[in-house]
Structures are given as C-alpha cells and as structure tokens.
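The values are calculated or read from the model by the stated rules, or taken from the named source; none is laboratory data. No experiment lies behind these values; they were computed from the predicted model shown. Heads up, the Cβs are rebuilt from the backbone with ideal geometry, glycines too, and the neighbour counts pull from every protein chain shown. To get the accessible areas, we keep the full protein, side chains included, count just its heavy atoms, and leave off ligands, DNA and RNA. Shrake-Rupley method; radii C 1.70, N 1.55, O 1.52, S 1.80 Å.
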Amino acid sequence: MEHGVAQVDAYLKTNDDAIWAAGDVALVYNTFTEQWMKNCTWPEAMQQGMYAASNMVGVPKLYNGVSPIISS
C-alpha cells in the first residue's frame, strides 16, 4: 500500500468497515491488467465518489473497477 492510498473492495470500502475511499486515495481494480492501480482522472473520481456515497448510506452499488483508456 502506498502512503495515503487504500485498496478498496467492490463497494469502495477499505479494510476498515467505517471508511470508504475514492479518487486519488483509492487503489481500484484495473479490468484490463487485472491489477490494482491508483486512478487519478477527474471523471473516474467523481463516479467513484457517487458509488462510495451510495454505499455509505446503505444503498449498495457495485463498482466493477476501472478500464482506463488514454490517448495522446
């Protein structure tokens, strides 16, 4: 685990039942490489935040991971 970054489960919950993480403080599952990664894009962070908030209030919403596509 990187300093200040937590691996999350499919509901964006950390290993502490009272803490969820999203955005640049969360290690999320990369569906292409099948590895854990830090994803720092704004749209993905916003989506993760909405999923985490839903799960925090007891409305389960499964986050399947990220499929990053970057082009230049």
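Okay, here's what the table says:
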| item | result |
| --- | --- |
| Heavy atoms of Ile69 accessible to a 1.4 Å probe, total area in Å² rounded to 10 | 140 Å² |
| Helix axis angle, 42-56 relative to the chain longest principal axis, alpha carbon, degrees | 20 degrees |
| Antiparallel DSSP beta bridges within the chain, percent to nearest 5 | 60 percent |
| Asn15 paired with Asn64, simple spin-label distance in nm, labels 7 Å along Cα-to-beta-carbon | 2.8 nm |
| Size of the chain as Cα extents on the principal axes (Å, biggest first) | 39, 24, 20 |
| Percentage relative contact order, the chain, counting C-alpha pairs under 8 Å, at least six apart | 31 percent |
| Selected from Phe32, Ser54, Leu12, residue furthest toward positive end of dipole (the chain; charges at beta carbon) | Ser54 |
